[in-house]
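Readers should treat all values here as calculations from the given coordinates under stated rules, not as data from a laboratory. Here the structure is a predicted model, which means the values were calculated and not measured. We place every Cβ from the backbone using ideal geometry, glycine too, and count neighbours over all the protein chains shown.
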Amino acid sequence: MFALVEELYQSKMTRAEFCEQKGLSRNCFYYWQKKYRQQAMAEQPGFVPVQTGKGIFVRNGVSQSIVLSYPNGVSVQLPAGTPLPVISSLLRLA
């Protein structure tokens, strides 16, 4: 069924049109589409490794900043060299 969900995403049809063409009940298709999305979300990593240290955030003599972007759209910009425990506590807020 996941192959059909991917086929819909590649088509230009609405879900209703797709289900009608394939002879599927909409409820059945919606169920498998939900399962497909849940699996895709489970496979995505929740965090990206953060490395800190001398020189990591300095490029061409210009200090770089750290930006944390939360799923709700809020972004927090931290100065280079922010201690790792501070970054860790901000990540736990997500």
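Quick notes on this one:
- Fraction of alpha-carbon pairs over 12 Å apart in region 2-43 - percent: 58 percent
- Student exercise, region 2-43 dipole from Lys, Arg, Asp, Glu Cβ charges, in Debye to nearest 20: 160 debye
- Of the residues Leu8, Leu91, the one with the fewest other Cβ atoms within 10 Å heads the list, and the complete ranking is Leu91, Leu8.
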